[in-house]
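J.: I am attaching a structure below and will ask some questions about it afterwards.
The values are calculated or read from the model by the stated rules, or taken from the named source; none is laboratory data. Keep in mind that what you see is a predicted model, and the values were worked out from it rather than measured. Note that we place each Cβ from the backbone using ideal geometry, even for glycine, and neighbour counts take in every protein chain shown. For accessibility, only protein heavy atoms count, side chains too; no ligands or nucleic acids. Shrake-Rupley method; radii C 1.70, N 1.55, O 1.52, S 1.80 Å.
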Amino acid sequence: MLPTTTPNSNGALSARDAARHTAGAKRYKYLRRLLHFRAMDFEFALWQMLYLFTSPQRVYRNFHYRKQTKDQWARDDPAFLVVLSIWLCVSTIGFGLVLDMGVLETLKLLLWVVFVDCIGVGLLISTLMWVISNKYLLKHPSRNFDVEWGYAFDVHLNAFYPLLVILHFLQLFFINHIVVINSEWFLGCFVGNTLWLIAIGYYLYITFLGYNALPFLQNTVVLLYPFALLALIYVLSVSLGWNFTRGLCWFYKYRVQ
């Protein structure tokens with residue numbers, strides 16, 4: 001492993017290295033790269049998106065490598081966020097078409113989904129998980145070992161991507177066609193709610209993998225406990241005919257009125 005910092009004679013980082021590794025410096029570097037598309041590695045971002053479906057553990061092994069080479073767990077390249085945003089915009093426009101929305105209504109829906117559902121809810125969940133992991137899951141609470149907020153946000157983005165593809169893209173082909181999810185048929189309710197089960201299951205599992213990958217955390221298995229509640233809600237919803245996709249379609253239409 002190559003050293004990324006230069007310690008002084010007493011083992012502490014120099015003032016220059018310490019400043020370079022502050023949260024503010026990392027955030028500034030990340031935001032600055034958003035303005036330089038040529039500096040982003042989109043091929044690697046697409047590779048991560050593929051493996052989040054097939055082998056998410058491989059994605060988090062790369063986070064370990066980044067920590068060894070760049071002394072940070074969080075991504076320093078915003079390419080993943082940019083590609084995810086493109087996916088979100090395209091799929092939301094698809095929802096607007098499927099639900100027969102006009103141009104203005106689709107634009108309103110797009111703004112809601114991007115700034116509230118993705119950014120707003122993402123910041124809230126990331127901050128909540130950052131607080132919980134640093135307060136309750138650390139093996140040895142110390143300033144030298146803590147969960148970076150940027151890493152918590154990356155874990156959320158990783159977990160959000162499969163959920164987005166399943167619920168905002170694959171589901172589009174079933175809403176008005178094939179089994180007509182957006183209907184009162186039992187088959188539509190079953191298929192639609194099963195897609196929700198798979199999507200949320202992916203979110204929970206990839207979130208667990210993200211925090212389980214940090215060697216200074218303990219008891220991360222508690223992040224899998226919500227699976228029991230998820231299974232219970234799924235059984236009840238199918239038995240009682242609660243169609244989550246119909247609710248989502250109604251909610252999207254209500255938003256843009």
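J.: Give me the accessible area of Ile198, 1.4 Å probe, in Å² rounded to the nearest 10.
T.: 80
J.: Follow-up question, since we're still on this one. On a full-extension model of 0.36 nm per residue, what is the gain between Ser55 and Glu184, subtracting their alpha-carbon distance, rounded to one decimal in nm?
T.: Net length gain for the segment: 42.9 nm.
J.: Relative to the compact globular guide of 2.2 N^0.38 Å, what is the alpha carbon radius of gyration of the range 45-202, as a ratio? It would help to have the intermediate numbers written out before the result.
T.: Working: Rg = 18.1 Å, N = 158, 2.2 N^0.38 = 15.1 Å.
Against the empirical 2.2 N^0.38 Å value, I get 1.20 for the range 45-202.
J.: Which FRET efficiency value, to the nearest 0.05, is calculated for Leu46 and Trp242 with the Förster distance at 45 angstrom and r the Cβ-Cβ distance?
T.: The computed FRET efficiency comes out at 0.80.
J.: A follow-up question, please. R0 = 30 Å: FRET efficiency of Val121 with Asn144, Cβ-based, nearest 0.05?
T.: 0.45
J.: Now, a different point. Can you compute the FRET efficiency between Leu128 and Leu224 using 1/(1 + (r/R0)^6), with r the Cβ-Cβ distance and R0 = 22 Å? Round to the nearest 0.05.
T.: Values: r = 17 Å, r/R0 = 0.78.
About 0.80, to the nearest 0.05.
J.: Which three lengths, in whole Å and largest first, does the range 192-236 cover when its Cα atoms are put on their principal axes?
T.: 38, 15, 5 Å, listed from the longest principal axis down.
J.: Multiplying the sequence separation of Ile86 and Leu111 by 0.36 nm and subtracting their Cα-Cα distance, what value in nm do you get? The partial results should precede the final answer.
T.: On the way: separation 25, 0.36 × 25 = 9.00 nm, distance 1.30 nm.
The span from Ile86 to Leu111 would gain 7.7 nm if fully extended.
J.: Which of the aspartates and glutamates could be linked to Lys67 by a straight reach, that is with a Cα gap under 17 Å, when you skip same-chain ones fewer than 8 residues away?
T.: Asp17, Asp76, Asp77, Asp146, Glu148, Asp154
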